[in-house]
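Asker: So that we are looking at the same thing, I have put the structure below in structure tokens.
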Amino acid sequence: MSSVFRFTPTRITASLLLVLTSNGAMAEADLLQRSTLSGDWGGLRHQLEDDGVKFSADYSGETAYNADGGLHRSARYSQNIKLGVQFDLSRLYGVDNAGKVQLSINDRRGHSASEELVGNRLPIQENFGGLYTRLTELSYERSFTPALNIKLGYMAMGNDLGGLDSGILCNFMNAGFCGHPLNMSGGSGWTNYPNARLGARVKYDLSPAWQVRVAAFNVDPESNGNSSRAWKLGPKHTTGTVVPVELVYKLRGELPGEYKLGYYYDSSNVKRIGSDDEVAGRGGHYLLIDQAVWNDPALAGRSLHAFGQYSASSKAASPFTKWYGTGVMLYQPFAGRPRDTLSLGYGRAVPNPRSWDVLEDAAAGSDREFPNIDNAEQLIELSYGYQATPWLNLRPDVQYIIEPGAFSGADIDNALVVGLQVKASF
């Protein structure tokens, strides 16, 4: 199977062109309007979905060029391919409220601009990491009452917790914004896509505006990024259980908003940073906000949203203890572009002082001068999402990385990175 996924940028482009130019009967207007590149498969796709089987396939490619500062002048490309199928058991078997089964497979390839070109901690390409084919989800979900929904199986806990449901943060290419505050997974057993673990998640609606989410997931650090565990649902070495609790408030009305307040606790025993002693349990908390602040009275759908992120994690064992993020996003920046977006964000990642002390001690022990740099990596990112067709999004992107060596203790010049993200649904 892996050979199917080993695309290069040239092969991706060639494959797209082949589909676009084949079958002379394919109407150009239909191609530009359809929701997926491969269309309805002559009606088969729609029929299968009506019968309870829904297929999905998504590609993202991210190219980043380091134009100034950092370590090297060059470009790096990474890609992510996701295949999924969802089984609606009610439709398949004619049983009311039987639930749904989700199966997802993921493949990642490429090279990291952060590791190879800039030397910073926050991944410039959010789709880099775990460069192999793996099972990313095999789960069962069912609503037991209108207010109670339960999901269990093998899945990434970050799919349901720790991020904004609106998806506003993935209008950026840097993983510092897109997804979840990285100190969650860096300082506990929290797993974000594509890393998956055995677990269960509960959602309960307290009211139309308020919801509580609780989950419990197995912690298995030895399986993270381990290709030999790509198809194994059971843990290799369980160290504990991570339990997140999240309170969600969704503001309705002319200026809608989404607010999340969360706490998580990992029962694993881990080494304390800078010591051989172990610390029992790691925890953290976070606040996430997406709030509409302006609607254009003259153009329906045109609005300005502001977002904010704050996350703090265990000082005993987390590589960085705090993350701050804020920014704005303009939906429909131009009248003729109803599905385009314009986004600007600022983020600040603060390394653990214990980690900083370890780096200083190591420099002193080897008689090296320790650089005088700020104790934080900062990110400014500007991106434009161009929705070329319903199934194709092109995102030119600019990132300015301040103090790239804050986590490594290296004296690295601020870096200017330009990039392009391509997303396609098949």
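Asker: Go through segment 23-43 and give me each residue that's loosely packed, with under 11 Cβ neighbours inside 10 Å and either on the phi > 0 side of the Ramachandran plot or modelled with pLDDT of 95 or more (or both).
Answerer: ASN23, GLY42, GLY43
Residue by residue, here is whether (1) farther than 30 Å from PHE407 by Cβ; (2) free of Cβ contacts under 8 Å to residues at least 40 places away in the same chain; (3) among the hydrophobic types (A, V, I, L, M, F, W, C) holds:
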residue: VAL243; (1), (2), (3): no, yes, yes
residue: GLY253; (1), (2), (3): yes, yes, no
residue: LEU261; (1), (2), (3): no, yes, yes
residue: VAL270; (1), (2), (3): no, no, yes
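Asker: State whether one or more residues within segment 130-145 are surrounded by fewer than 22 Cβ atoms within 10 Å (Cβ to Cβ), at pLDDT 95 or above and in a loop (DSSP other than H, G, I, E, B).
Answerer: Yes, because at least one residue in segment 130-145 is surrounded by fewer than 22 Cβ atoms within 10 Å (Cβ to Cβ), at pLDDT 95 or above and in a loop (DSSP other than H, G, I, E, B).
Asker: Output the residue which, of all residues in segment 392-420 that are of a type in the set (Val, Ile, Thr) and surrounded by fewer than 24 Cβ atoms within 10 Å (Cβ to Cβ), is farthest from the chain's Cα centre (by Cα). If you could, list the steps in order and put the result at the bottom.
Answerer: Filtering segment 392-420 for residues of a type in the set (Val, Ile, Thr) gives 398, 401-402, 412, 417-418.
Narrowing the set further to residues that are surrounded by fewer than 24 Cβ atoms within 10 Å (Cβ to Cβ) leaves 398, 402, 412, 418.
On the way: VAL398: 18, ILE402: 22, ILE412: 27, VAL418: 20 Å.
Taking the candidates together, the pick is ILE412.
Asker: Scan segment 273-288 for residues that are touching a residue at least 60 places away in the same chain (Cβ under 8 Å) and not aromatic (Phe, Trp, Tyr) and report the count. Write out each step before concluding.
Answerer: Here is the first cut: in segment 273-288, the ones touching a residue at least 60 places away in the same chain (Cβ under 8 Å) are 273-274, 282-284, 286, 288.
This time we only want the ones that are not aromatic (Phe, Trp, Tyr), so: 273-274, 282-284, 288.
Adding up the residues that qualify gives 6.
Asker: Would you tally the residues in segment 305-324 being assigned to a loop (DSSP other than H, G, I, E, B) and surrounded by fewer than 22 Cβ atoms within 10 Å (Cβ to Cβ)? Let's see the steps before the verdict.
Answerer: From segment 305-324, those assigned to a loop (DSSP other than H, G, I, E, B) are 314-319; that's our starting set.
Still in the list and also surrounded by fewer than 22 Cβ atoms within 10 Å (Cβ to Cβ): 314-315, 319.
Final tally of qualifying residues: 3.
Asker: I'm checking my understanding of the structure. Among residues of segment 227-244 that are over 17 Å from SER268 (Cβ atoms) and surrounded by fewer than 16 Cβ atoms within 10 Å (Cβ to Cβ), which one is modelled with the highest pLDDT? Before you say what the answer is, go through the steps one by one.
Answerer: Pass one, segment 227-244, residues over 17 Å from SER268 (Cβ atoms): 227-234.
Checking which are surrounded by fewer than 16 Cβ atoms within 10 Å (Cβ to Cβ) leaves us with 227-228, 231-234.
Numbers: SER227: 89, SER228: 90, TRP231: 93, LYS232: 90, LEU233: 89, GLY234: 88.
Checked segment 227-244; the qualifying residue modelled with the highest pLDDT is TRP231.
To keep it simple, each residue is scored yes or no on (1) outside any loop (DSSP other than H, G, I, E, B); (2) touching a strand residue (DSSP E or B) at 6+ places or on another chain (Cβ under 6 Å); (3) modelled with pLDDT of 95 or more; (4) not hydrophobic (A, V, I, L, M, F, W, C).
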residue	(1), (2), (3), (4)
ARG368	no, no, no, yes
PRO371	no, no, no, yes
GLU381	yes, yes, yes, yes
TYR386	yes, yes, yes, yes
ILE401	yes, yes, yes, no
GLY405	no, no, no, yes
SER408	no, no, no, yes
VAL417	yes, yes, yes, no
ALA424	yes, yes, yes, no
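Asker: Sticking with this one: Give the number of residues within segment 349-366 that are out of contact with any Ser or Thr (no Cβ under 9 Å at 6 or more places or on another chain) and either surrounded by fewer than 17 Cβ atoms within 10 Å (Cβ to Cβ) or modelled with pLDDT of 90 or more (or both).
Answerer: Selection size over segment 349-366: 10.
Asker: Give me a count of the residues in segment 89-119 that are under 18 Å from the mean Cα position of the chain (by Cα) and either polar (S, T, N, Q) or closer than 21 Å to GLU137 by Cβ (or both). Working first, answer last.
Answerer: Residues of segment 89-119 under 18 Å from the mean Cα position of the chain (by Cα): 104-114.
Next, from what is left, pick out any that are either polar (S, T, N, Q) or closer than 21 Å to GLU137 by Cβ (or both): 104-109, 112, 114.
Of the residues in segment 89-119, 8 are under 18 Å from the mean Cα position of the chain (by Cα) and either polar (S, T, N, Q) or closer than 21 Å to GLU137 by Cβ (or both).
Asker: Still on this structure, please answer the following. Residues that are among the small types (Gly, Ala, Ser): which strands (runs of 3 or more DSSP E) entirely in segment 205-277 hold 3 or more of them? Talk me through it step by step, then tell me what you get.
Answerer: Working: elements: 210-219, 240-251, 257-271.
Because the criterion is at least 3 residues that are among the small types (Gly, Ala, Ser), the strands (runs of 3 or more DSSP E) in segment 205-277 that meet it are 257-271.
Asker: Given the conditions (1) touching a His at 6+ places or on another chain (Cβ under 7 Å); (2) crowded, with 23+ Cβ neighbours inside 10 Å, which single one is not true for GLY158?
Answerer: The one condition GLY158 does not meet is (2).
Asker: Being among the hydroxyl-bearing types (Ser, Thr, Tyr), part of a helix (DSSP H, G or I) and surrounded by 22 or more Cβ atoms within 10 Å (Cβ to Cβ) narrows it down to one of SER90, SER114, so name that one.
Answerer: Details: SER90 fails: surrounded by 22 or more Cβ atoms within 10 Å (Cβ to Cβ).
After ruling out the rest, the residue left standing is SER114.
The values are calculated or read from the model by the stated rules, or taken from the named source; none is laboratory data. What you see is a predicted model, and the numbers here were worked out from it, not measured in a lab. With ideal geometry, Cβ positions are generated from the backbone for all residues, glycine too; neighbour counts draw on all protein chains shown.
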